[in-house]
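A.B. asks: So that we are looking at the same thing, I have put the structure below in structure tokens.
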There are 6 protein chains.
Amino acid sequence: MSQKHLYVINPNSSETVTAGIAAAMAPLQRAGDPHITCVTIADGPPGIQTQFDVDRAALAVHKFAQEHLDDAAGFVTACFSDPGLHLLREIKGVLSFGISESAALTAMTLGQRFGVIAILDGSIGRHWRTWGAMGITQRVAGEVAIGRSVTELADQASTLKAMIAAGERLKQEHGASVLVMGCAGMAPFRERLQDALGLPVVEPTQAAVSMALGRLRLGW
Amino acid sequence: MSQKHLYVINPNSSETVTAGIAAAMAPLQRAGDPHITCVTIADGPPGIQTQFDVDRAALAVHKFAQEHLDDAAGFVTACFSDPGLHLLREIKGVLSFGISESAALTAMTLGQRFGVIAILDGSIGRHWRTWGAMGITQRVAGEVAIGRSVTELADQASTLKAMIAAGERLKQEHGASVLVMGCAGMAPFRERLQDALGLPVVEPTQAAVSMALGRLRLGW
Amino acid sequence: MSQKHLYVINPNSSETVTAGIAAAMAPLQRAGDPHITCVTIADGPPGIQTQFDVDRAALAVHKFAQEHLDDAAGFVTACFSDPGLHLLREIKGVLSFGISESAALTAMTLGQRFGVIAILDGSIGRHWRTWGAMGITQRVAGEVAIGRSVTELADQASTLKAMIAAGERLKQEHGASVLVMGCAGMAPFRERLQDALGLPVVEPTQAAVSMALGRLRLGW
Amino acid sequence: MSQKHLYVINPNSSETVTAGIAAAMAPLQRAGDPHITCVTIADGPPGIQTQFDVDRAALAVHKFAQEHLDDAAGFVTACFSDPGLHLLREIKGVLSFGISESAALTAMTLGQRFGVIAILDGSIGRHWRTWGAMGITQRVAGEVAIGRSVTELADQASTLKAMIAAGERLKQEHGASVLVMGCAGMAPFRERLQDALGLPVVEPTQAAVSMALGRLRLGW
Amino acid sequence: MSQKHLYVINPNSSETVTAGIAAAMAPLQRAGDPHITCVTIADGPPGIQTQFDVDRAALAVHKFAQEHLDDAAGFVTACFSDPGLHLLREIKGVLSFGISESAALTAMTLGQRFGVIAILDGSIGRHWRTWGAMGITQRVAGEVAIGRSVTELADQASTLKAMIAAGERLKQEHGASVLVMGCAGMAPFRERLQDALGLPVVEPTQAAVSMALGRLRLGW
Amino acid sequence: MSQKHLYVINPNSSETVTAGIAAAMAPLQRAGDPHITCVTIADGPPGIQTQFDVDRAALAVHKFAQEHLDDAAGFVTACFSDPGLHLLREIKGVLSFGISESAALTAMTLGQRFGVIAILDGSIGRHWRTWGAMGITQRVAGEVAIGRSVTELADQASTLKAMIAAGERLKQEHGASVLVMGCAGMAPFRERLQDALGLPVVEPTQAAVSMALGRLRLGW
């Protein structure tokens, strides 16, 4: 039998973001598991920021999945709005995960109330709808946005500074005991953020792929 | 100034469903208000039943809206999965409503716990995600599906019978004191269902258009 | 058939408040609908501020309703504590709405988490009981009181200033994306507040009458 | 100092109900505590069943309280709709309790999910509003009505039979592990019901007076 | 029949804490009731602060209970983590209460949203699990820790100052309308804290013993 | 570096249960990961059924962990009451998971509302406390017990029959779309149960070890 893939689909067009995700996946790969393959939706927007971005991304992610069913073991939709997650779950014979859902479930094993560092204020309402749909709002301490677009994350020094400031607010004012990074593009900052804040920090794509690999072995 | 329209968009391709909706809208039209214009997405599926149907419908509804911005006062996405609702709400200068959201909010003025008569079992999980995202699960007594596709609703006698049976279960076993019809295609049955069950019954497109018209007058 | 009325009942004795409500109702009146008639309970207190005020207002509102059943299509209890709402709903043949309930349901179509600008600190606990009874606490970002009695609202400049300050706290500290004015007497401030804060602002009596008119056309 | 009273106010006019309550209070009286004094609102309705009954009872209970402030240590509003509870709590210098609130809080120490045996179906929505306002719906397994008015409780044999049937449904279908009797008039049945069902049964007036006496000793 | 005891078990080894508890119990004792007997688990830790402390205390409390069944009417586990509460409740023939559960239930009769003054930050997550298990998170305004260990409470002046500061934050920022002292060792501060803050303050062991005595009279 | 272990600790004394767990773990082991080592607490009770069993198991599990810190990468407490979970999480340098928590989080990726097949009725209240502490009660469709002790699970034919009956009730009456087996000893039945019911079935120890292995690779 040929090698199967766990496709991690970055629905924005940024190869930099995809590269950051791929680097974060490295520790998760094991012989005997599907290959973790990170891909970019080339004609996606530079960042998934509006509901329009999300809803278009849902179909783009689904289209990618349909085109790769032959060698796919599963799919991860690697944008914090989980575009297409429930669409992917209708496809028989593969397992699909979203990074937002997985990040939240993972955070729930690390502390009683988690805070989310969001990209933009405009995303926070959408996230709350997700926490509501998941039935876990009781576990959400709050969300604070850093006010930077996905593309602006590339300026690492000022991004890290903004993330630390947001994290401090979540810890001090909102009472968060664990943090979730609310964007796949934040992957390179996990360790530095955790060190700076003294709280566990969840990188959402790692959380999703980590859950996916285990379930792929189980086959259910 | 030319006449503005409140577009009620049926995202499935059934003209019968659209005609049923239009009939239900009749009592709501008043001089001085935007015209309630019910339209069919001609290339939509016969019924919105899967998540794939919903997610494609979201973009189709959005495309229709973009093409009719010139004479639109607002939009109602007339499928119980509210496809594209949050997408429509990003469009400046118009007001948008979803029939599922409006039906639930309306039911909350008619009784303490509402029951939903769903089309198919497969839709119920999706509805619960909506009630969760709305933060109102406490008000939902339960859901019971009649196990008939949208197209099968055309057989009125057996549909009504199935709806009454579902309503009885919601009343007796789940403790519902008000019922919501979980499909725009059920509009013709509202009155008969209410008479048979002795509980108020919410027709979701009427609920949405009713709320929309008031808000259009207020302009916020 | 003679003209029917939708009675909007201000249970405090302030004709100024009633006049402010009536002005806010103007855009909602349409030919063919019941007449929106705003009335004052002449022997009510100057403001409904304590639980005693609320509970007495409930019976005063009910008494008014009983005395006007002949020409009433419906009733709106126009105080943010919704005095008598459930009492009015026991009356057959009319539809009744409360401004607090309607404002909250309306806010839920405008943003994910709403903030409430209350009159006095002492009302906030009572409001939370209402949000709890409605099962929507998850959608409430918070409440901030302006610390002014109903009669003090008449000083418009300082009231507006206090409302803007409360709104800013709800937006910045509590994360509200939509605001609800927690008193019928605040009606004249809606537009200025919205302009100042850049968030949608719900005027509760408009919200209630808007919902009531639609439902009266539907007859259920 | 003269003897103070803890007034237990039965807001319906039934002396039989008051006598049943008084009998249930007997084991709670201790030297050094305020005297538990059970009184009847002579001009109350035979049973508190509608919202109108509840709202009028609120003022009647409050009026009684105002007239007895001289020798009152506290008040218990002894109807399961807790008429006037929040009104009584505005009175300085006395402590006030409601039997519904106290029964629920007490049940929460006896099992994880409680079931309520209601008098009439029409009361259940009102009760759910109370559980919602208290923020405890998660602890409510369900409610089942016996379909008998307060006055019909006097037929003890058939009442007990109906209560046992309701209790069995709450235990088997709703998963209740503790039961609350949803009417002060059910006091005489507590022990027999508990023996028949093998679940702890909360008598609400006992629950309220029990809590009130302790708090009166503490003085806060 | 010999005198029965209501054992109030301090699971930390501090006789000072036990003495403070005993003093707080004095107003609750009445002739005819079981004797309120406050005891110290001599080999307990100086303060119950970690989960390890809590889980060991659970078995220590249970062991004490087993050894005193002959003359016990009931038990109160007097540490704010309620160690052993559900263990004690498995013992037939006695009634058992926890001070955390009782304090929360009592606070719910004094205000709509309570704030908790915790000892250490590390306890707050554990408390939130308790509020979640009780299904009452909606009633919790928030928690603020004073950052002092149980033994450091002995320095009364600085402890009171820290408690007032925490209470102010709970009142101003979190909107608490009633406070719960989150440690049995805080008993001596109740009155001064209440006077300083102008909010009702719940002393948890008083709350628990107060509820226990009433229920012991009732015998259920 | 010597091989590290992920210890899966069965806190009951049944080697049969441990063997069943070990068999279920086989598909999860990969080269490069810690060794999945299933152990039995030899002096544990035959089944963890009472709160006393749970609380003693907590300390036994913790003692085992302390004694194996040298070669432990992490611990899984393999009893559905998660004995000692929060105790294990206080130990620095290892990762710890509970099978109940992990099963619930995993079920939340497989369906909107999960049902739990419990061993005994007496465990259900304890489980609800866990779902409450996790803040996920909204996702729980219900629980049904099979009424068999852990040791009686050995009779496979009748156990499977009882599990299928419980699963059918959860599906039909409670509306569950995914099932969780509420005991580590049920591991051998997962596949047969899933085939019989047509719903995904979560085996809790697989869920926990699956999550643990991914997190161990990530090191956070």
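The values are calculated or read from the model by the stated rules, or taken from the named source; none is laboratory data. Keep in mind that this is a model prediction, so the values were computed, not measured. Reconstructed Cβ throughout: ideal geometry from the backbone, glycine too, with neighbour counts over all protein chains shown. Keep in mind that these areas ignore ligands, DNA and RNA; they rest on the heavy atoms of the full protein, side chains included. Shrake-Rupley method; radii C 1.70, N 1.55, O 1.52, S 1.80 Å.
A.B. asks: What is the percent carbon and sulfur in the accessible area of chain D, measuring with a 1.4 Å probe over the protein chains and ignoring ligands?
C.D. replies: 52
A.B. asks: Another question, if that's okay. Let me have the 222 nm mean residue ellipticity of chain A computed from DSSP H runs of 4+ only, each contributing -39500 (n - 2.57), with the sum over all residues rounded to the nearest 500.
C.D. replies: The helix-only estimate for chain A comes to -13500 deg cm²/dmol at 222 nm.
A.B. asks: If you don't mind, another one. Return the FRET efficiency for the residue pair A:ASP43, B:SER2: r is the Cβ-Cβ distance, R0 is 35 Å, and the value is rounded to the nearest 0.05.
C.D. replies: 0.40
A.B. asks: Moving on to the next point. Please give the residues from the stretch A:204-220 for which the solvent-accessible area of heavy atoms, probe 1.4 Å, is smaller by at least 50 Å² with all protein chains in place than with the chain isolated.
C.D. replies: A:SER210, A:MET211, A:ARG215, A:ARG217, A:LEU218, A:TRP220
A.B. asks: Dipole magnitude of the stretch E:28-134 about its Cα centre, charges +1 at Lys/Arg Cβ and -1 at Asp/Glu Cβ only, in debye to the nearest 20?
C.D. replies: Once rounded to the nearest 20, the dipole reads 340 debye.
A.B. asks: I would also like to ask the following. Would you work out if chain E is rounded, prolate or oblate? Take a ≥ b ≥ c from the square roots of the eigenvalues of the alpha-carbon gyration tensor; rounded if a/c is under 1.5, else prolate when a/b is larger than b/c, oblate otherwise.
C.D. replies: Here chain E falls in the prolate category.
A.B. asks: Additional query: Shielding by partners for E:102-108, please: the mean number of other protein chain Cβ atoms within 10 Å of each residue's Cβ.
C.D. replies: 4
A.B. asks: OK, next. Tell me the Rg and the Dmax, in Å, that the Cα atoms of the stretch C:153-206 produce.
C.D. replies: So, for the stretch C:153-206, Rg and Dmax equal 10.3, 29 Å respectively.
A.B. asks: How much net charge surrounds B:ALA60 when only other residues with a Cβ under 14 Å from its Cβ are counted (Lys, Arg +1; Asp, Glu -1)?
C.D. replies: -3
A.B. asks: Would the stretch E:72-121 count as rounded, prolate or oblate if I go by the C-alpha gyration tensor, calling it rounded below 1.5 in a/c and otherwise prolate when a/b exceeds b/c, oblate otherwise?
C.D. replies: Because a/c hits 1.5 or more and a/b fails to exceed b/c, the stretch E:72-121 counts as oblate.
A.B. asks: In debye, nearest 20, what is the charge dipole magnitude of the protein assembly as shown about its Cα centre with +1 on Lys and Arg Cβ and -1 on Asp and Glu Cβ, if you could check?
C.D. replies: That gives the protein assembly as shown a dipole magnitude of about 0 debye.
A.B. asks: Moving to a separate point now. Report ³J(HN,Hα) in whole Hz for each residue of the stretch C:39-44, in order, from the Karplus equation J = 6.51 cos²θ - 1.76 cosθ + 1.60 where θ = phi - 60°; Gly and Pro get x.
C.D. replies: Working through the residues one at a time gives 10, 10, 7, 4, 9, x Hz.
A.B. asks: Here's another thing I want to ask about it. What lysines sit close enough to F:LYS92 to cross-link, taking a C-alpha to C-alpha distance under 20 Å and skipping anything fewer than 8 places away on the same chain?
C.D. replies: F:LYS4, F:LYS63
A.B. asks: Explain nothing, just compute: Karplus ³J(HN,Hα) = 6.51 cos²θ - 1.76 cosθ + 1.60, θ = phi - 60°, for every residue of the stretch C:193-208 in order, whole Hz, x for Gly and Pro.
C.D. replies: Karplus-based 3J(HN,Hα) across the stretch C:193-208 equals 5, 4, 5, 5, 9, x, 10, x, 10, 9, 8, x, 6, 4, 4, 6 Hz.
A.B. asks: Oh, and also: So, in nm, how far is label C:LYS161 from label E:ALA31 when the simple model puts each one 7 Å beyond its Cα toward the Cβ?
C.D. replies: For C:LYS161 paired with E:ALA31, the spin-label model returns 6.5 nm.
A.B. asks: With the other protein chains left in place, how much accessible area per residue, in square angstrom, belongs to the protein assembly as shown at a 1.4 angstrom probe?
C.D. replies: Heavy-atom SASA per residue in the protein assembly as shown reads 33 Å².
A.B. asks: Rounded to the nearest 20 Debye, what is the dipole magnitude of the stretch B:102-203 about its Cα centre when Lys and Arg each give +1 and Asp and Glu each give -1 at the C-beta?
C.D. replies: Roughly 240 debye, rounded to the nearest 20.
A.B. asks: With a 1.4 Å probe on protein heavy atoms only, tell me which residues of the stretch F:113-142 lose at least 30 Å² of accessible surface in the complex relative to the chain by itself.
C.D. replies: Residues losing area: F:ARG113, F:TRP128, F:ARG129, F:GLY132, F:ALA133, F:MET134, F:GLY135, F:THR137, F:GLN138, F:ARG139.
A.B. asks: Within the set of other residues whose C-beta is less than 13 Å from the C-beta of E:GLY115, count the net charge using Lys and Arg as +1 and Asp and Glu as -1.
C.D. replies: Net of charged neighbours comes to +1.
A.B. asks: If you don't mind, there's one more thing I want to ask. Between D:ARG169 and D:THR16, what length in nm is gained on full extension when 0.36 nm per residue of separation is reduced by their alpha carbon distance?
C.D. replies: My answer for the length gained is 52.2 nm.
A.B. asks: Looking at the stretch D:35-59, which residues lose a minimum of 30 Å² of accessible area between their chain alone and all protein chains in place, measuring with a 1.4 Å probe and not counting ligands or nucleic acids?
C.D. replies: For the stretch D:35-59, once contacts with the other chains are taken into account, D:GLN51, D:PHE52, D:ASP55, D:LEU59 lose 30 Å² or more.
A.B. asks: Turning to a different aspect of this structure: Could you tell me whether the protein assembly as shown comes out rounded, prolate or oblate from its Cα gyration tensor? Rule is a ≥ b ≥ c as square roots of the eigenvalues, rounded for a/c under 1.5, then prolate if a/b exceeds b/c, otherwise oblate.
C.D. replies: Cα axes put the protein assembly as shown in the rounded bin.
A.B. asks: Something else now. Ranked highest first by the average count of other Cβ atoms within 10 Å around their residues, in what order do D:205-211, F:115-121 fall?
C.D. replies: Packing proxy ranking, top to bottom: D:205-211, F:115-121.
A.B. asks: Same structure again: To the nearest Å, what is the center-to-center distance of the stretch B:141-170 and the stretch B:80-124, using C-alpha atoms only?
C.D. replies: Here the answer is 19 Å between Cα centres.
A.B. asks: For chains E and F, what's the summed buried accessible area, probe 1.4 Å, to the nearest 100 square angstrom?
C.D. replies: 1400
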